[in-house]
Amino acid sequence: MTPDVQVAVVGGGPIGLMTALFAADAGLDVVVIEPREAPIDKACGEGLMPGAWRLLRRLGLEPPGADLLGVAYVQGARRAEHRFERGIGRGVKRTTLHAAIAARVAERGIRVVRGRADAITQHDSYVILGGPGLETLTAAHVVGADGLHSRVRELVGLGAGPQRASRRRFGVRRHYALAPWSDLIEVRWTPSAEFYVTPLGPDLVGLALLGRRGASFESALADEPELAERIGADADGESPAQVGHVRGAGPLQQRTRARTAGRVLLVGDASGYVDALTGEGLRLGIAQAEAAVAAVVAEDPRGYEREWTHITRDFRMLTGGLVTAAGSPLRTAIVPTAVRLPRVYAGIVERLAR
Ligand SMILES: Cc1cc2nc3c(=O)[nH]c(=O)nc-3n(C[C@H](O)[C@H](O)[C@H](O)COP(=O)(O)OP(=O)(O)OC[C@H]3O[C@@H](n4cnc5c(N)ncnc54)[C@H](O)[C@@H]3O)c2cc1C
């Protein structure tokens, strides 16, 4: 039988939409399935590392935001800074980023179906998708880009089981209508959580708090008086400068045992995620989207598995190692070590920036 489409992308977040754009560029007939209307918001540190910003600009996508010139690690009075040596990153409000990619998808005439994939049946030469809003849709390949709690991953049995509850980490994002005080991403280390501070525009700063369940803005800001003062927070952690919606996400770590099952491929957070501490999700997801489409064109899912392993190597090793250290007695040594060994710190930031 001839499937309805060559590629069905489940999930219209940034990585699903980028997958659809790469597929259309490759001449494939593609449809995106997404239950929510654009622009879609989500908890995110909203920092595009230079690699992600370069990839977006290559496609002519330049949403407004703030230039990011490097990364600073801050703990009390200690501060390690590194400015990117090749290129710059960009802080972009999540809805602005999503709107820009969604507009390009619409311009390209790519169909977005308002629905939720909830059933998958694989056959030799096609896949049947079902779920609310879909009835049935057949596709030669399905790309699961449905985020941290991927239903596609679950349906095709690619999940590798949950992390121990005591190790799970979560993220919460808030926005403040303030002029940024730095052109760097600041990661501020409190004794038990990290603030990821991103300039997002001339009058907007984003704060993402990362930590174990129960980490609160209130207690983390009490440990970060300089940051609390900058955002004008009171003793309850509330600030009159706070704007927009608060968004949360987690558990952050999602493990997968493989990224392909038959004609189904996983990209973005659905394909496995370590943590937001190094701000790389979008860079990796875009690279995965491109690689997944190349594998579909080549009818070579195993090729995607190899590429995925290559693309995520540093993320799994460096971010995984950093998160382990952050949850151990070594935590308090992280920033002092970065200050003492500036070349090591610079080398790590440069690797994350690629
Ligand atoms: C607190 C925090 C801070 C972060 N900071 C950064 C940062 O600074 N820089 C960076 O690069 N990355 C950061 N990340 C990671 C980044 O946000 C993610 O990697 C990125 O959003 C992944 O995009 P995605 O498209 O894969 O998933 P998502 O953006 O989660 O999109 C998934 C989409 O799938 C849809 N969906 C879900 N289920 C179904 C279904 N059954 N059928 C159809 N559609 C479905 C959802 O509605 C959603 O729109 C951060 C993450 C967190 C949590």
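The values are calculated or read from the model by the stated rules, or taken from the named source; none is laboratory data. All values derive from a computational prediction rather than experimental measurement. Positions of Cβ are backbone-derived with ideal geometry, glycine not excepted, and every protein chain shown enters the neighbour counts.
For residues in region 59-70 being among the aliphatic types (A, V, I, L, M) and without any contact (Cβ under 8 Å) to a residue 60 or more places away in the chain, which is surrounded by the fewest Cβ atoms within 10 Å (Cβ to Cβ)? Filtering region 59-70 for residues that are among the aliphatic types (A, V, I, L, M) and without any contact (Cβ under 8 Å) to a residue 60 or more places away in the chain, the one surrounded by the fewest Cβ atoms within 10 Å (Cβ to Cβ) comes out as LEU59.
Inspect region 92-108 for any residue being more than 15 Å from the ligand (Cβ to nearest atom), touching a Ser or Thr at 6+ places or on another chain (Cβ under 8 Å) and either on the phi < 0 side of the Ramachandran plot or not polar (S, T, N, Q) (or both) and give the result as yes or no. No; the residues of region 92-108 include none that is more than 15 Å from the ligand (Cβ to nearest atom), touching a Ser or Thr at 6+ places or on another chain (Cβ under 8 Å) and either on the phi < 0 side of the Ramachandran plot or not polar (S, T, N, Q) (or both). Pairs meeting the criteria (first residue in region 281-292 and assigned by TED's automatic domain parsing to the domain that holds VAL143, second residue among the polar types (S, T, N, Q) and in a helix (DSSP H, G or I), beta carbons under 7 Å, at least 6 apart or on different chains) are GLN288/SER271; ALA289/THR19; ALA292/THR19. When PRO132 is tested against (1) within 30 Å of GLY115 (Cα to Cα); (2) away from the ligand (no atom under 12 Å from the Cβ); (3) not charged (D, E, K, R), exactly one condition is not met: (2).
Can you confirm whether VAL142 is in the same structural domain as GLY285 (by TED's automatic domain parsing), among the hydrophobic types (A, V, I, L, M, F, W, C), surrounded by 22 or more Cβ atoms within 10 Å (Cβ to Cβ) and in contact with a helix residue (DSSP H, G or I) (Cβ under 8 Å, 6 or more places away or on another chain)?
yes
Condition first: in contact with a Leu (Cβ under 6 Å, 6 or more places away or on another chain) and not small (Gly, Ala, Ser). Now tell me which residues in region 159-174 satisfy that. Selection gives ARG169, VAL172, ARG174.
What are the residues in region 38-59 that are among the charged types (D, E, K, R) and near the ligand (Cβ under 10 Å from one of its atoms), if any? Spell out the reasoning first.
Taking region 38-59 first, the residues among the charged types (D, E, K, R) are 41-42, 46, 54, 57-58.
Result: ASP41, LYS42, GLU46.
Selection of region 135-182 for residues being within 14 Å of the ligand (Cβ to nearest atom), within 30 Å of GLY237 (Cα to Cα) and not in a loop (DSSP other than H, G, I, E, B) yields ARG169, PHE170, GLY171, VAL172, ARG173, ARG174, HIS175.
Yes/no matrix, rows are residues, columns are (1) in the same structural domain as ALA325 (by TED's automatic domain parsing); (2) surrounded by fewer than 23 Cβ atoms within 10 Å (Cβ to Cβ); (3) at positive phi:
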residue: GLY147; (1), (2), (3): yes, yes, yes
residue: VAL156; (1), (2), (3): yes, yes, no
residue: HIS175; (1), (2), (3): no, yes, no
residue: LEU178; (1), (2), (3): no, yes, no
residue: ILE185; (1), (2), (3): no, no, no
residue: TYR196; (1), (2), (3): no, no, no
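Taken across region 285-307, residues that are among the hydrophobic types (A, V, I, L, M, F, W, C) and more than 20 Å from VAL31 (Cα to Cα) do not occur at all. Summed over region 248-263, the residues that are touching a Gly at 6+ places or on another chain (Cβ under 9 Å), more than 13 Å from the ligand (Cβ to nearest atom) and aliphatic (A, V, I, L, M) give a count of 1. Between VAL339, VAL296, VAL335, the distinction of being under 17 Å from PHE195 (Cα atoms) and more than 16 Å from the ligand (Cβ to nearest atom) belongs to VAL335 only. Among the residues of region 57-88, those identified as in contact with a strand residue (DSSP E or B) (Cβ under 7 Å, 6 or more places away or on another chain) and under 24 Å from HIS245 (Cβ atoms) are PRO64, GLY65, ALA66, LEU68.
Quick grid of which residues meet (1) outside the structural domain of LEU97 (by TED's automatic domain parsing); (2) surrounded by fewer than 17 Cβ atoms within 10 Å (Cβ to Cβ); (3) under 30 Å from LEU137 (Cα atoms):
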| site | (1), (2), (3) |
| --- | --- |
| VAL32 | no, no, yes |
| LEU48 | no, no, no |
| ALA52 | no, no, no |
| ARG57 | no, yes, no |
| ALA72 | yes, no, no |
